[in-house]
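Here the structure comes first, spelled out in structure tokens, and everything after it is commentary.
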Amino acid sequence: MVDFGGWDMPVQYPAGTIEEHLRTRTHSGLFDVSHMGEIEVRGSDAILFVNRITSNDVTKLVDGQAQYSALTTPFGTVIDDLLVYRFSSHHLLLVVNAGTTEKDWDWINSHRANETVDLTNVSSDYCQLALQGPEALGILQKLTDLPLAEMKYYHFSPGTVDGVASIVSRTGYTGEDGFEVYAPAARAEQLWNQILDAGNAGSNTGVLPCGLAARNTLRLEAGLALYGHEIDETTTLLEANLGWICKLDKGDFVGRQQLVQQKEEGVRSKLVGFEVTERGIARDGQDVVINDRKAGRVTSGSPAPYLKKNIGFAYVPAEFASAGQEIKIDVRGRLVSAQVVKTPFYKRHR
Amino acid sequence: MANVPEDLHYSKDHEWVRVEGDQAVIGITDYAQNSLGDVVYVELPKSGEEFATNESFGSVESVKAVSEVFTPVSGAVVTINDSLADEPEKVNSDPYGEGWMIRVRMANPGEVDSLLTAAEYEDFTKAETE
């Protein structure tokens, strides 16, 4: 167990990170992500308000739809990345990272203007379980009447799971199909056990409980950013390749002006994916060396258990950010060759 | 419970030492491999390199983390376990056998006496997990 933003979290379960990772890709994995924060926004100006403090376009959402977005600083850098769930035009739910929940809560409150909104930090009310992988749908369907096959990606619906009033969302952080279930915190253990039972846990092809380490390697293979690594208050969304969640034409929002300017001028530093091309594993925080000079830093580096490669994300000067660019990583004093590649590293077959 | 063979010597950094004449075979313990998780990479020194006591001679990497490994006794490396380059998982499956790491010619065989016995190491790991 490790302390993770104040939560005691398992790094891995007895099967181990590699098996957890592979099982999620080939069958299914279950993750307890109850540490995630939830902030409720209610009121007639809910959409107006959230649209002003986040980078994606909240007005595009319909009831029962979610979107990936970011809370931005006036500099276009990132307070946090989050999911915005629309229950109705008067009711949104923001799902934020555990380690940043308090910071986000203060940030959001301090950015209230004249909008009519009620904000509630409901983080401790909810547990969140993520069931991910090609068999996730079949397993969860045994426990709910919601027609899961009809649910589109990044849509959600209130319903019951094993009789527990829940929100079921077709989202995840693994690059697989899957669902995230939000339910009352007191029912976490019941749901966890019921999903394991429904998924034939204990058999060689059954659902496997997965820890933080597998969650990290799965998201990395899928090319997804992790707050505090690829994105933080020093990196802009454009530098982090998150231009697709910057809706610069939607109207004003915090940081828009800087992002518009940066888009016109071009970014100097850019997040890239890389593959290590010789023996060695790049790790977070190591230097990137190009033409014998320190040129950037690794934000996440790890073995990729499914791809069986050593991969990572790094910030490099924009002129070195094209796929195929040869770079070196300073692995504890040894310069290891790597190559910039397109992300995602892994894409599932549909 | 972690396996702790009687006939080996142990360090507080979780290496084991098997004495064979004036040479010592070194690896990491069952307890260590279990705490690390799946070993995916092992970096070892070259034959002939000399190490002082408790000096880092390489590293063991799991998916999640890098751990340095230290020489419990001083000496010069005679051979290394080359097979770990392609099969690092041997450190998990057979830490005291096929997962051995280096063989050194001891500079001072008396150093072995200051290492932990199997019983002492077992108590040490129990205290660490409590």
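Looking at A:V254, is it of a type in the set (A, V, I, L, M) and in a helix (DSSP H, G or I)? It is false that A:V254 is of a type in the set (A, V, I, L, M) and in a helix (DSSP H, G or I).
In the set A:A149, A:A165, only one residue is modelled with pLDDT of 95 or more and in a helix (DSSP H, G or I); that residue is A:A149. Here is the figure for segment A:160-181: residues that are more than 23 Å from A:A222 (Cα to Cα) and crowded, with 17+ Cβ neighbours inside 10 Å total 5.
Considering only segment A:118-135, I want to know if a residue exists there that is of a type in the set (D, E, K, R), part of a loop (DSSP other than H, G, I, E, B), closer than 15 Å to A:I167 by Cα and modelled with pLDDT of 95 or more. For segment A:118-135, residues of a type in the set (D, E, K, R), part of a loop (DSSP other than H, G, I, E, B), closer than 15 Å to A:I167 by Cα and modelled with pLDDT of 95 or more: absent. Selection of segment A:281-313 for residues being within 20 Å of A:A214 (Cα to Cα) and either assigned by TED's automatic domain parsing to the domain that holds A:E176 or assigned to a strand (DSSP E or B) (or both) yields A:V298, A:T299, A:S300, A:G301, A:S302, A:P303, A:A304, A:K309, A:N310, A:I311, A:G312, A:F313.
Quick grid of which residues meet (1) within 14 Å of chain B (Cβ to nearest Cβ); (2) part of a strand (DSSP E or B); (3) modelled with pLDDT under 95:
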| residue | (1), (2), (3) |
| --- | --- |
| A:I195 | no, no, no |
| A:G206 | no, no, no |
| A:G223 | no, no, no |
| A:L238 | no, no, no |
| A:K250 | no, no, no |
| A:V272 | no, yes, no |
| A:E275 | no, yes, no |
| A:R279 | yes, no, yes |
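Within segment A:288-310, if we keep just the residues that are more than 15 Å from A:Q325 (Cα to Cα) and touching a Leu at 6+ places or on another chain (Cβ under 8 Å), the residue that is farthest from the other protein chains (Cβ to nearest Cβ) turns out to be A:T299.
Here A:L335 fulfils each of the conditions (1) touching a residue at least 40 places away in the same chain (Cβ under 8 Å); (2) surrounded by fewer than 18 Cβ atoms within 10 Å (Cβ to Cβ); (3) over 27 Å from the mean Cα position of the chain (by Cα); (4) within 12 Å of chain B (Cβ to nearest Cβ) apart from (4). Being within 13 Å of chain A (Cβ to nearest Cβ) and of a type in the set (D, E) is the filter here; which residues of segment B:36-63 pass it? B:D38, B:E43, B:E61 - these are the residues of segment B:36-63 that are within 13 Å of chain A (Cβ to nearest Cβ) and of a type in the set (D, E).
When only residues in segment B:64-80 that are closer than 27 Å to B:E111 by Cβ and free of Cβ contacts under 8 Å to residues at least 40 places away in the same chain count, which is nearest to the other protein chains (Cβ to nearest Cβ)? Only one residue tops the list, namely B:V66. Taking the criterion of being surrounded by fewer than 23 Cβ atoms within 10 Å (Cβ to Cβ), of a type outside the set (D, E, K, R) and over 12 Å from B:A118 (Cα atoms), the residues of segment B:1-30 that qualify are B:M1, B:V19, B:G21, B:Q23, B:V25.
The values are calculated or read from the model by the stated rules, or taken from the named source; none is laboratory data. This structure is a prediction, so every number in the text was calculated from the model and none was measured. Neighbour counts run over all protein chains shown; Cβ positions are idealised from the backbone, glycine included.
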